[in-house]
């Protein structure tokens, strides 16, 4: 049983759209199977995809979105995991700086930036799935998104230097415990989410920092580094979007 | 109420009537609708509607394997609540259609 490319692309896009809209997986799977069956029969009878979903794939996706239940697990299960992940990144960042003090601003700001980034990425996936977006525009979207995301993190670091907030300093023993827990969180999240996202992100962020600590590099080289990270991040998100299909 | 919402209410009534005849699946419903020249909506729009009807307890579904293999096909059956909803739709529809007919007829003459 094979579908035309147009139909398959539409089904793939609908899947990504509903996934990024945080809809119940079971319901989505059920509905997509039913639609696939319909599209197949319709194609056997020489009907075009426009005949099935109307002239606007976006309008049809919204129609479906309205009827499929939200997955409550996002806030109950995923949100705490995102926050846990955010803390793990913060710990790693501090370790590289040999710093054992945490400001209130970084403790609150880091998870907030993470949540905003993930919701933003979901928004981007939804937009790309519902609109006719060329590969080029899609890639530009991911690059822009990476720049914004990166700016938020850098902005938070700067803000932390200029805005005073209560500081918590932990003992070296607690620090070791934090590092071990962070490492376990990374591994756990990678296994649970079945994506390399949680591994790729720290590599992209921390490896250049590590290198710059041991090798004296000029500001220009640092800029090149930064650009490479952004490109890497964008390429990774692009690849992840394709992989979800 | 927008015209598409009005149309959806009518489509829902028609789907209930088709499922009441005998258990059926999506593509078959669309073919029957087309046979009655009900082609005002795109074919795919029955699925979000069927999903809602299922959640409202008007229909149930069973999946059956196709003789040709491939994915299972979902068949719809009417529940007692669905039968009730169909009867209500019939009453409402005959009231609406006869009054609208009357108004339009008087308008013509």
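No value in this document is a laboratory result; all are computed from the given coordinates. Bear in mind the structure is a predicted one, so any value in this text is a computation, not a measurement. Cβ atoms come from the backbone with ideal geometry, glycine included; neighbour counts cover every protein chain shown.
The orientation-averaged shadow of the Cα convex hull for the stretch B:3-108, equal to a quarter of the hull surface, comes to 7.8 nm². Note on B:37-44: average number of Cβ atoms from other chains within 10 Å of each residue's Cβ is 5. Helix B:80-108 versus the longest principal axis of chain B: what angle, 0 to 90°, nearest 10, using Cα atoms? The angle comes out at about 30 degrees.
Summary value for chain B: 28 percent relative contact order, contacts being C-alpha pairs under 8 angstrom separated by 6+ residues. Considering only A:90, A:189, A:35, the mean-square fluctuation computed in a Gaussian network model of chain A, springs between alpha carbons under 10 angstrom, is largest for A:35. Each label point was placed 7 Å from the Cα along the Cα-to-Cβ direction; for residue B:88 and residue A:99 their separation is 6.2 nm. Axis angle, to the nearest 10 degrees, between helix B:3-21 and the longest C-alpha principal axis of chain B: 60 degrees. Counts of other chain beta carbons within 10 angstrom of each beta carbon in peptide B:52-59 average 1.
As a calculated quantity, the FRET efficiency between residue A:78 and residue B:97 at R0 = 51 Å, using C-beta atoms, amounts to about 0.55. Peptide A:43-52 has a mean of 2 when you count, residue by residue, the C-beta atoms of other protein chains within 10 Å of its C-beta. Taking Cα atoms only, the orientation of helix A:104-130 departs from the longest principal axis of chain A by about 20 degrees.
Annotation: for a label point projected 7 angstrom from Cα along Cα→Cβ of residue B:10, residues of the stretch B:69-109 with backbone N closer than 19 Å are B:86-108. So what is the relative contact order of the stretch B:41-81, in percent, for Cα pairs below 8 Å that sit 6 or more residues apart? Once divided by the residue count of the stretch B:41-81, the mean separation gives 33 percent. Using a cutoff of 8 angstrom between alpha carbon atoms and counting only pairs six or more residues apart, the relative contact order for the stretch A:1-155 works out to 32 percent.
Computed over every Cα-Cα pair of the protein assembly as shown and binned at 10 Å starting from 0, the pair-distance distribution P(r) comes out as 4, 19, 24, 18, 14, 11, 7, 2, 1, 0 percent. Site pair residue B:77 and residue A:167 shows an inter-label distance of 7.1 nm when each label is modelled 7 Å from Cα along Cα→Cβ.
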